[in-house]
1. State all residues of region A:308-330 that are surrounded by 22 or more Cβ atoms within 10 Å (Cβ to Cβ) and among the hydroxyl-bearing types (Ser, Thr, Tyr); if no residue qualifies, say none.
2. Of the residues B:Leu162, B:Leu217, B:Leu197, only one is within 14 Å of chain A (Cβ to nearest Cβ) and either at pLDDT 90 or above or farther than 30 Å from B:Val244 by Cβ (or both); which?
3. Count, please, the residues in region B:224-247 that happen to be in contact (Cβ under 8 Å) with a residue 24 or more places away in the chain, in a helix (DSSP H, G or I) and more than 8 Å from every other protein chain (Cβ to nearest Cβ).
4. Looking at A:Val141, A:Val155, which one is among the β-branched types (Val, Ile, Thr), touching a Leu at 6+ places or on another chain (Cβ under 7 Å) and either surrounded by fewer than 23 Cβ atoms within 10 Å (Cβ to Cβ) or closer than 24 Å to A:Gly269 by Cα (or both)?
5. With the requirement that a residue be outside any helix (DSSP H, G or I) and either under 22 Å from A:Leu185 (Cα atoms) or more than 9 Å from chain B (Cβ to nearest Cβ) (or both), what does region A:285-316 give you?
6. If you check A:Met279, A:Met218, which single one turns out to be closer than 23 Å to B:Thr152 by Cα, away from every other protein chain (no Cβ under 11 Å) and aliphatic (A, V, I, L, M)?
7. Conditions first: (1) of a type in the set (Val, Ile, Thr); (2) in contact with a Lys or Arg (Cβ under 8 Å, 6 or more places away or on another chain); (3) within 14 Å of chain B (Cβ to nearest Cβ); (4) more than 18 Å from A:Thr222 (Cα to Cα). A:Thr126 passes all but one, so which condition is the exception?
8. Looking at (1) part of a helix (DSSP H, G or I); (2) under 22 Å from B:Met230 (Cβ atoms), which one does B:Asp39 not meet, given that it meets all the others?
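The values are calculated or read from the model by the stated rules, or taken from the named source; none is laboratory data. These figures come from a predicted structure and were not determined experimentally. So basically every Cβ, Gly included, is an ideal-geometry build from the backbone, and we count neighbours across all protein chains shown.
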Amino acid sequence: MDTLKFIGRRLIYLVVMLFGVATLVFILTKMVPGDPVTANLSQRALNDPEIVAAYRAKHGLDQPVIIQYFLYIRNLLQFDLGTSIRTNTPVLQDLQRCFPATVELALFAIIVAAVLGILFGVISATHRNSAGDQVVRAVSVTGVSIPSFWFALIVLYFFYYKLKILPGPGRLSKQFAAPQTVTGLFIIDSLLEGDPAKALDALSHLILPGFVLAAFTMGLITRTTRSNLLDVLSADYIRTARAKGLSRGALIRKHALGNALIPVLTVIGLGLGNLLGGMVLVETIFSWPGVGQYAYQSVLSNDYPAIIGVALLIALNYMVINTVVDILYGVIDPRVRYS
Amino acid sequence: MKYSIKKIFKSNALFTIGVIICLLWIVLAILAPVIAPYDPIAQDITARLQAPSAAHWFGTDNFGRDIFSRVIYGGRYSILAGFLTVIIAGAIGTFYGAIAGYVGGVVDNVMMRISEMILSFPSLILAMIINAVMGSNLFNTMFALIIVAWPTYARLMRSVVLSVKENEYVTASKALGAGSFRVLLREIIPNSINSVLIMATTDIGNQILMFSTLSFLGLGSAPPTPEWGMMVSDGVDYFNKIWVAGFPGLAIFTMAMGSNFIGDGLRDLLDPRLRKQF
């Protein structure tokens with residue numbers, strides 16, 4: 001019962017926060033200096049007062065701001081994000097097209113980040129202050145300090161241009177046609193088509209952008225794992241377990257790691273949310289047709305409906321992931337539920 | 001503190017390296033007019049895209065400008081922007097968080113929800129939107145970075161204040177008749193500021209990264225300003241001439257890494273639990 005109450009509370013909180021974010025986005029767009037009419041209509045259309053008036057009426061711009069706000073919220077509740085000025089298609093449709101590419105890349109990156117991050121963190125904490133610890137710490141600091149746009153260029157230069165061992169930009173090599181969309185994830189869709197060669201090609205295209213994207217989150221996960229494991233290892237129950245004669249390996253595997261990894265879960269969740277946002281650079285450099293590239297192109301062409309759509313999608317993702325992590329957290333660690 | 005700083009220099013090699021790297025870049029940026037062998041914006045089309053050599057240590061870019069000179073001048077923009085963003089965002093966040101934590105109740109709740117809304121946007125996207133809305137120039141880029149950065153400080157400060165305000169010296173100060181503002185300014189903030197300072201040290205690197213990322217995307221300073229992020233983006237078109245993007249990127253990377261090393265070292269120093277041996 002407690003768990004259900006806890007989940008219910010988190011879900012209500014999610015709805016309130018979503019509403020707040022939608023409002024924040026609305027306020028941001030109202031802060032735009034200049035008139036959206038001048039931005040969106042051609043000079044010739046602007047000279048015709050009738051066209052301007054019709055445009056204003058169509059988009060509700062002739063209404064007071066508060067009415068505009070209610071119209072905006074009503075449209076959102078009906079999943080109507082407006083039409084993109086640049087692509088001239090509904091923003092929701094654009095996002096549905098871009099999103100799977102981003103999800104595929106983000107999932108690959110978060111798996112890389114979590115596996116390497118936890119592994120490095122454990123090595124670093126259990127061999128504290130050794131040469132290995134220093135190397136791992138240097139690698140994790142490298143991960144959080146390397147500019148991803150630069151890292152992307154460097155790996156492309158070496159692995160694609162010089163060594164020619166990994167494919168460059170894009171989701172598939174030229175000889176393959178995109179698989180029939182089922183999930184939108186190329187690896188899975190290619191396998192569903194029964195074409196393992198294509199799936200492998202899609203996977204190999206994920207490696208460079210995936211590792212570049214994973215670097216930052218991997219650094220964070222390494223640090224969190226290390227400091228939490230060190231904390232847990234100095235706890236009394238670990239000393240007791242040691243006194244009972246447990247070996248070091250068993251102690252870490254059976255007693256310490258489980259507790260130390262609970263906070264790491266949050267970092268992985270936050271990391272996944274951030275990855276979806278951090279896509280802009282990596283997708284732009286690797287010509288990855290996802291939400292990040294869409295966001296960048298929309299910002300460049302002042303395509304406000306599209307920008308709002310992307311902002312809402314990413315904030316929604318971030319909050320949903322956070323809520324899921326919070327709920328998982330409460331389920332795993334009962335202390336959280338009662339605080 | 002003095003004693004421990006000396007000790008940390010001895011015991012923590014990464015901290016020392018961090019200090020050296022950051023000081024080096026700062027000195028280079030300050031002394032740029034003296035050190036730079038060439039004018040950072042002077043073009044020489046006959047010498048375009050030359051590989052690193054004795055005449056041009058870091059090579060030249062597509063306008064024949066000396067990349068070494070541009071990199072050391074570039075530090076002036078990136079490092080200054082990083083420091084200013086952290087100082088201003090840190091100050092706003094510190095007061096905001098301190099007030100929320102100290103006053104508590106509904107005020108705290110509302111203040112924290114507002115900051116969480118900003119945090120629920122990925123920082124890069126939010127900074128991009130603000131920049132797009134306000135128009136892109138150096139000042140607006142920094143403004144966008146500050147808007148995105150302050151809530152993290154507010155959250156940290158609030159959590160520290162929640163525990164600090166329970167201390168007896170706070171009660172004592174109140175009993176002596178000090179008003180809320182005085183208690184906040186004289187007792188609570190000075191005793192909570194350590195964690196904010198540690199975070200700020202690491203954050204300088206992050207802000208330099210964010211700043212150059214926005215410049216890379218064309219949302220920062222205007223050409224021909226020698227700004228690190230923009231210089232990397234100049235190199236994208238000359239991808240096989242790796243030095244054009246390589247050296248400015250290396251500058252961003254090492255500066256961010258240095259600030260991370262310093263932050264980590266300070267954290268180890270101030271958190272006694274982490275000093276314990278396993």
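1. Within region A:308-330, just A:Tyr318 meets the criteria.
2. Values: B:Leu217 fails: either at pLDDT 90 or above or farther than 30 Å from B:Val244 by Cβ (or both); B:Leu197 fails: within 14 Å of chain A (Cβ to nearest Cβ).
After applying the criteria, what remains is B:Leu162.
3. Selection size over region B:224-247: 6.
4. Details: A:Val141 fails: touching a Leu at 6+ places or on another chain (Cβ under 7 Å).
From the options A:Val141, A:Val155, the qualifying one is A:Val155.
5. Quick first cut of region A:285-316, residues outside any helix (DSSP H, G or I) only: A:286-290, A:301-303.
Within region A:285-316, A:Phe286, A:Ser287, A:Trp288, A:Pro289, A:Gly290, A:Ser301, A:Asp303 qualify.
6. Details: A:Met279 fails: away from every other protein chain (no Cβ under 11 Å).
Result of the check over A:Met279, A:Met218: A:Met218.
7. Condition not satisfied by A:Thr126: (4).
8. Against the list (1) part of a helix (DSSP H, G or I); (2) under 22 Å from B:Met230 (Cβ atoms), B:Asp39 comes up short only on (1).
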